[in-house]
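Input: a single structure, listed below in structure tokens.
Throughout, read-outs are computed from the coordinates displayed, never taken from laboratory work. Quick caveat, the model's predicted, so the values are computed rather than measured. Don't worry about glycine lacking a Cβ; one is built from the backbone with ideal geometry, like all the others, and counts go over all protein chains shown.
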Amino acid sequence: MTAFSLEPAQLAWCAELRALAAERLRPLAGKGEPGRVNRALLAELGALGLLPRLFTSGALELCLMRESLAHACTEAETALALQGLGAHPVHAHGTDAQRAHWLPRVAAGTAVAAFALTEPAAGSDAAALSLTATPATPGRPARPGGADGWRLSGEKCWISHAPEADFYTVFARTTPGAGARGVTAFLVPADRPGLTGTALDMLSPHPIGALAFDAVPVTADDVLGEVGRGFRVAMDTLNLFRPSVGAFAVGMAQAALDATLGHTARRDAFGGKLKDLQSVAHQVAEMALRTESARLMVHAAATAYDEGAPDVPRRSAMAKLLATETAQYVVDRAVQLHGARALQRGHLLEHLYREVRAPRIYEGASEVQRSIIAKELYKNLEDR
């Protein structure tokens, strides 16, 4: 039922979040420096109790948060989402000591988390990671609390919050030639010797950078989950966050649709209002149809995750794919119907036009989502 209609309390909470985003978060976002972590914004997200919800909410609640924040303040939405993406592996797979040290600080907005999966030659193909974890003492296994462990060597790139994060969830190859089965997840504090970062000049309001690992020491105490099971940590995180990327996109699409409704209802053209032109009215109807369809698929995927359904990977991929492609369409149509004013610096649609492009790439590009969907469909056929 929840996948198709929200309860009154949920609708009221979403309205409250939109108001908070507009009144308290948007002013802080406006004071931030482009390409830098906005720590004041993170602290306010913590003070409002939104960051702690990252570790107590289900997938549907996460989607409602992200859509509501995105409608009024995309910077606040992204700040919250990146904290969740970087810290979820610690919450779900970390040790008691790891959780106790980092999660309260993430929830307060005083520690910045980052998810370091992508490499120069391994973006969408996560199983092809080449960042190597070489045993510090050949032939001797790592021991909890011991000095033995690994040395990380290689690169990560296009990492959100790098190089300003306080810690990174890092995925490295511990077993050469083993594909997805040879990857281990590590929690790596930013001050580890041998770890350096460089900011990249990207079309993004938050920092995105590259990381270089020069024999960075890690031990068994830094492992997230199990050795050799890091790919599972990555996929568990992405299956949760992919529908909520879709929710972010839906929030942007709804903001663009709302702006278009207001503009076309007020704008005089050809002896009437823009909305009276059938060609305009039909475009607005199509924008609304696609936005609501994407929202329903996002809610359905999130509900499936919360219920532990077996088809979560397929549903998550479908939700992200449909919602991000829909948002691109809706924002583009909104710009067209607004005309030149929409491209003026500072206009809502100029902002959304820049923001809406990246979600079709990160956490698995649209082409990757189609591959996941097809793979899951054929796997189900074989299992019959």
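The table below lists the values:
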| read-out | value |
| --- | --- |
| Net charge over other residues, Cβ less than 12 angstrom from the Cβ of residue 4 (K, R count +1; D, E count -1) | -1 |
| Region 236-284: chymotrypsin sites (Phe, Trp or Tyr not before Pro) falling in loop per DSSP and having at most 12 other Cβ within 10 Å | 270 |
| Cα pair distances in region 8-108, grouped into 10 Å bins until the bin that holds the longest one, percent each | 16, 49, 28, 7 |
| GNM result for the chain, Cα springs below 10 Å: residue of 42, 321, 200 fluctuating most strongly | 200 |
| Degrees between helix 366-383 axis and first principal axis of the chain (Cα, 0 to 90, nearest 10) | 70 |
| Cα-centre dipole for region 268-384 with unit charges at Cβ (Lys and Arg positive, Asp and Glu negative), debye to 20 | 280 |
| Helix axis angle, 230-266 relative to the chain longest principal axis, alpha carbon, degrees | 20 |
| Packing-based ranking, highest mean first, of 32-39, 90-97 given that Cβ atoms within 10 Å are counted | 90-97, 32-39 |
| Projected label distance in nm at residue 202 and residue 215, using a 7 Å step from Cα toward the beta-carbon | 3.0 |
| Expected-Rg normalisation [2.2 N^0.38 Å, Cα atoms] applied to the chain | 1.02 |
| Sum of -39500 (n - 2.57) over DSSP H runs of 4+, divided by residues of the chain (222 nm, nearest 500) | -17000 deg cm²/dmol |
| Förster radius 25 Å - calculated FRET efficiency between residue 191 and residue 348, Cβ distance, rounded to 0.05 | 0.05 |
| 17 Å Cα-Cα reach of residue 375 towards lysines, excluding residues that sit fewer than 8 places from it in its own chain | 320 |
| Inter-label distance, nm, simple model (7 Å from Cα along the C-beta direction), residue 341/residue 22 | 1.8 |
| FRET efficiency, 1/(1 + (r/R0)^6) with R0 41 Å, evaluated for residue 377 and residue 226 via beta carbons | 0.90 |
| Theoretical FRET efficiency, 1/(1+(r/R0)^6), r = Cβ-Cβ of residue 309 and residue 367, R0 22 Å, to 0.05 | 0.35 |
| Net length gained if the chain between residue 293 and residue 125 were fully extended (0.36 nm per residue, minus Cα distance) | 57.6 nm |
| All-pairs alpha carbon distance profile, region 113-228, 10 Å steps from 0, percent | 15, 49, 29, 6, 1 |
